[in-house]
Amino acid sequence: ATPTKRSTRPWTDTPAPTATKTDATATATQTAETPRIVIVGGGFAGAYCARALEKRLRLNEAYLTIVNRSNYFVFTPLLVEAGTGALEPRHAVIPLRRYLKRTELHTAEVTAIDFSRREVRMRYFGGSESVIPYDHLVLALGSVTRVPDVPGLREYGFGIKSLADAVS
C-alpha cells in the first residue's frame, strides 16, 4: 500500500476539502509555537483585517486563517450598478484567494465556537465537519440591514445585500 501524506494540520487527521493557501511560498508554517489567528467572516471587516495582519506581521509570526461561506467578498457599493447592468456582476466581487496572499481560506459555515476550548467548529458544504483551534479570534460576521420606518418601504422596497439580490 502507498503511504498517505500526513496532514499538516495537527488538530485533525483529515484535510479540509476546500482549505487552500493562496500562495504556498508566502504562507507561514504552522508549528506548535506559531500563534493561530482565526477570522470568522470574509466581508469587508474580515478581509481587511486579514490583509492588515498580513502586512503588519512577519511571515512566521502568526498563522492566519479565515472562514467564510463563499470564496469572495462583495463590494456592496457596486451592487446597484451590477443590478442595473451598468457594470458586470463579476466586477462587484473580490476573490478572497487573490486578495489575501498569506491567509488560509476555508469556505465553510461556522456551526459553533467553543470559547473555553478555543475552537471554531465548521461544516463544509460537502457535509464534512472540522474543528480549528485558535489563539486569537476575530469575529467579523457582517451586519443586518436596518429598514427605517418609511411608509411602504417594507412592502415595496428592494434590499440589495448580496450579488444574488442585485442580479435578480
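The values are calculated or read from the model by the stated rules, or taken from the named source; none is laboratory data. Keep in mind that what you see is a predicted model, and the values were worked out from it rather than measured. So basically every Cβ, Gly included, is an ideal-geometry build from the backbone, and we count neighbours across all protein chains shown. Note: areas computed on protein heavy atoms with side chains; ligands, DNA, RNA excluded. Shrake-Rupley method; radii C 1.70, N 1.55, O 1.52, S 1.80 Å.
Here are some notes:
- Boolean, Lys101 is basic (Lys, Arg), farther than 18 Å from Ile37 by Cα and touching a residue at least 40 places away in the same chain (Cβ under 8 Å): no
- Answer residue from segment 132-168, given it is surrounded by 10 or more Cβ atoms within 10 Å (Cβ to Cβ) and in contact with a Lys or Arg (Cβ under 8 Å, 6 or more places away or on another chain) and is farthest from Arg51 (Cα to Cα) among those: Val147
- Pairs are defined by a Cβ separation below 9 Å, a sequence spacing of at least 6 or placement on different chains, a first member in segment 39-63 that is touching a residue at least 12 places away in the same chain (Cβ under 8 Å) and of a type in the set (Phe, Trp, Tyr), and a second member that is in a helix (DSSP H, G or I) and open to solvent by 60 Å² or more (accessible area, probe 1.4 Å); the pairs so defined are Phe44/Thr76.
- Just one of the listed residues (Val138, Val150, Val167) is β-branched (Val, Ile, Thr) and within 30 Å of Pro35 (Cα to Cα), and it is Val138.
- Where Phe115 falls short, out of the listed (1) open to solvent by 70 Å² or more (accessible area, probe 1.4 Å); (2) in contact with a helix residue (DSSP H, G or I) (Cβ under 9 Å, 6 or more places away or on another chain): (2)
- Set Thr111, Thr103: member being under 20 Å from Ser70 (Cβ atoms), touching a Leu at 6+ places or on another chain (Cβ under 6 Å) and not hydrophobic (A, V, I, L, M, F, W, C): Thr103
- Residue selected from segment 34-75 under the condition in a helix (DSSP H, G or I) and either in contact with a His (Cβ under 8 Å, 6 or more places away or on another chain) or among the charged types (D, E, K, R) (or both), by the criterion most open to solvent (accessible area, probe 1.4 Å): Arg56
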